[in-house]
Structures are given as structure tokens and as C-alpha cells.
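See below for the structure under consideration.
The values are calculated or read from the model by the stated rules, or taken from the named source; none is laboratory data. Source: prediction; values computed, not measured. Every residue, glycine as well, gets a Cβ built from its backbone with ideal geometry; the counts of neighbours run over all protein chains shown. Just so you know, the surface numbers come from the protein's heavy atoms only, side chains and all, with ligands and any DNA or RNA stripped out. Shrake-Rupley method; radii C 1.70, N 1.55, O 1.52, S 1.80 Å.
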Amino acid sequence: MRGMVRGLLIVAAAAAIATPAAFASAGEPQRATPSIVGGTNATETYSFMTHILADGSGCGASLIRPTWIVTAKHCVMNGASPVPASSVEVRVGTLLQDSGGTVTGAKRIVPYATDDPDVALIELSSAVPQKPIAIAPSAVVGSAARIIGWGCHSDPCGQLPPNPVLQELDTSILADSACGGGDNYICIGNPNGHGACYGDSGGPAVVKAGADWQLVGATSGGNGLCGENPSIYTDVPHVRAWIESYAGPDGGGTPPPPPPGGGGTNLALNKPAKSSQASCNANEGPAKAVNGSVSAGNTDKWCSGIAGAKSLEVDLGANHALTKLVVKHAGTGGEAASLNTKNFTLETSTGGG
């Protein structure tokens, strides 16, 4: 699937069209008589609009938190595994895919656990100053929508000269029956044969909420030629709970102010940690509770097999005013929800113990 996004440039929509596993029966989009996928140069600088190079392949994405972006899963996979995070370059908040905005790398890639829906999160190496986009409450059929991206603007690619400027196209959300999307996807209309194409995958479909844009979709696939049939977008509001399990609650598109005394940082990250209870094994000790990661499988956790209550002590090294306790449960790492931690008591001490 990722081969469809290599070396592509502009389109009038959101990121490189590919057919996700859910629509494999429709086959790969055909390459025949060109159909111009006509958008216009972007009329505004979208602070949330993101271009990613993942192992050399270009896609679109949307900034949803200062340190998180959402894109299509097929943009960041190499077979059954994510591409190395070190191979990802991220550019946020620019009209040009190759210059401007804020450039950073990826700390980790979090693909959806199953093939369907076609969605993935990327945690950025560092926070960016651009304003994130809020996720819409739902994708309402009939609503006016706009798709945005740098993909090809002809099919096959290369029929037209490349355009490095971000493109946009106004369209609407159609009923699921228009493209066979189902619960995990939405159908976006292709007015006058214009729509998303190769290079637009992962990029946003947005709707207006007052003066602000809200995110409803991430470009996933299409049936037939680019612009020939309605485009298929992952229904981002439908996977909100999964997104928030990693990225935290939606801040309404505005980065939250730093908490007093905390600087907005993870004060426990890689700090000394210990427990009075024995660990399940040597690879699942208390240090794994504060390593900032849950993505490396069952060994990327703290585990104690002792019956009854467990306790974990973390030495923050200094006094701090705490504003939030974040616990990522067993279910976040892919285990059964029945193993999730519960009944928390948070205690503090100035001297340990």
C-alpha cells in the first residue's frame, strides 16, 4: 500500500489515495485516462496541516495536540510493522510541503491495532507551537466539508507539472452507501470529478464550527480513478476514544496552558522508581512504569503478580505542584481490559516512604 505514495506531489485534497484492507475487494485504483483532480491553492495557512515523510514516502496528517498528529495507517507501515520512528520527518503549519512551518521528528508511531480502520498516531519528538485542530463531535451526512493536501493533481501522476503549494477543495460528506464506507469510514464527494489522489493519504477532511475548523476525516482510499468516485476517509470522530487513550483529552484545538510549577512536562519520566512488591519478571520492573512508552508490547510495562494491593514509589527529585496523574492501563498496551489498574490512591512525601 505504501508504494502508492512514493515520490508524489500535489493534489486538490488530502493525502495519497490507497485502498485499505477494508476495501481490498475494490482493487487498487486503476491507472488509465488522466482525470485532473482540480483544487485551488490554499486560501489560508492551516496551522494544523502537516506533511510527513515516512521512510521516504509522502503523506498528509493533522496536528491534534502539540505533540501528536493523526494520519492514515498505510502511510506509516512497512508490511505488518510500523516504519522506524527515526525515518519520519514532520513539517507542521505551512503552505509548502518542502519548506516553512515547524520541522521535527517522531518519537513513536502508534498504528491502530487492527487493519480496520486505516488510522495511526505519531507522537512528535518535541511540541510544536502551531494551533492543533479539534476533532468534530461526529461526521454529519450532508455537511459542507473541505479536503486539503499536497497529492498528485492528475491520474496517473505526472500528467500535470508539480505544484508545491497546498491545495484545497470544497465538497460535502455523503452517506456511507456512496462508497461502502461503514462505521469506520465516511464518504467524501468528488464534485465535477475533483477529489483526493495519490499523495493525499492521511490528510484532513474538515468542517467549519464557527470561526474554526474541526477534523472529521483522514484520507484513506478510493475506488477507480482519482476523482472518479467518492473518496474514502477514516471517520476520525469514531476513533476518538482510541486517540485520547494515547494523546489525552481534546483541548478544543488550543494547547493547554502549562500547569503551575509543572511546566507542562511529565515530571515522572525516567525518574527513580521502586515497589515493595516483586515484579512479574526482570523485564517488567518499576522503571518501565515511568519510561514514557507503552508501545513495545507486553514487556513495556510494570507488572507485579502479588495478590492484593500494589504500590509504586517515584522520586521526582524535588517538590512540585502536581496537576494531573496519568496512568496508562494494561489495555492501552494491548492486553485485556480486565487487567487494568483501578482504585487509585495518590500519596505524597517530602522524604520518601
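Annotation: of all residues in the stretch 278-298 being over 24 Å from the mean Cα position of the chain (by Cα) and not small (Gly, Ala, Ser), the one that is most open to solvent (accessible area, probe 1.4 Å) is 283.
The set of residues in the stretch 116-157 being in a loop (DSSP other than H, G, I, E, B), surrounded by fewer than 21 Cβ atoms within 10 Å (Cβ to Cβ), within 15 Å of the chain's Cα centre (by Cα) and in contact (Cβ under 8 Å) with a residue 60 or more places away in the chain consists of 116, 127.
Can you find, within the stretch 321-333, the residue that is nearest to residue 243 (Cα to Cα) among those that are open to solvent by 70 Å² or more (accessible area, probe 1.4 Å) and in contact (Cβ under 8 Å) with a residue 24 or more places away in the chain?
Initially, the stretch 321-333 is screened for residues open to solvent by 70 Å² or more (accessible area, probe 1.4 Å), giving 322-326, 328.
Okay, now just the ones that are also in contact (Cβ under 8 Å) with a residue 24 or more places away in the chain, so 322-324, 326, 328.
Details: 322: 24, 323: 22, 324: 19, 326: 15, 328: 13 Å.
By that ranking, first place goes to 328.
Can you work out which of the residues in the stretch 80-95 that are assigned to a strand (DSSP E or B) and touching a residue at least 40 places away in the same chain (Cβ under 8 Å) is most open to solvent (accessible area, probe 1.4 Å)? Lay out the reasoning, then the answer.
Taking the stretch 80-95 first, the residues assigned to a strand (DSSP E or B) are 81-82, 88-92.
Those still in the list that are touching a residue at least 40 places away in the same chain (Cβ under 8 Å) too: 90-92.
Working: 90: 0, 91: 30, 92: 0 Å².
Checked the stretch 80-95; the qualifying residue most open to solvent (accessible area, probe 1.4 Å) is 91.
Which one of these is closer than 17 Å to residue 271 by Cβ, of a type in the set (Val, Ile, Thr) and without any contact (Cβ under 8 Å) to a residue 40 or more places away in the chain: 348, 341?
On the way: 341 fails: closer than 17 Å to residue 271 by Cβ.
Criteria check complete, one pass: 348.
Criterion first (at pLDDT 95 or above, closer than 17 Å to residue 103 by Cβ and open to solvent by 20 Å² or more (accessible area, probe 1.4 Å)) does residue 47 satisfy it? Against the criterion (at pLDDT 95 or above, closer than 17 Å to residue 103 by Cβ and open to solvent by 20 Å² or more (accessible area, probe 1.4 Å)), residue 47 qualifies. Limited to the stretch 275-316, what total is found for residues that are more than 13 Å from residue 332 (Cα to Cα) and basic (Lys, Arg)? The number of residues fulfilling the criteria is 2.
When the residues of the stretch 66-79 are filtered to those that are assigned to a strand (DSSP E or B) and in contact with an Asp or Glu (Cβ under 8 Å, 6 or more places away or on another chain), the one that is most open to solvent (accessible area, probe 1.4 Å) is 78. The number of residues in the stretch 299-320 being among the hydrophobic types (A, V, I, L, M, F, W, C) and surrounded by 12 or more Cβ atoms within 10 Å (Cβ to Cβ) comes to 6. Residues that are part of a strand (DSSP E or B), open to solvent by 30 Å² or more (accessible area, probe 1.4 Å) and under 19 Å from residue 205 (Cα atoms): does the stretch 96-106 have at least one? Yes, there is a match, as at least one residue in the stretch 96-106 is part of a strand (DSSP E or B), open to solvent by 30 Å² or more (accessible area, probe 1.4 Å) and under 19 Å from residue 205 (Cα atoms).
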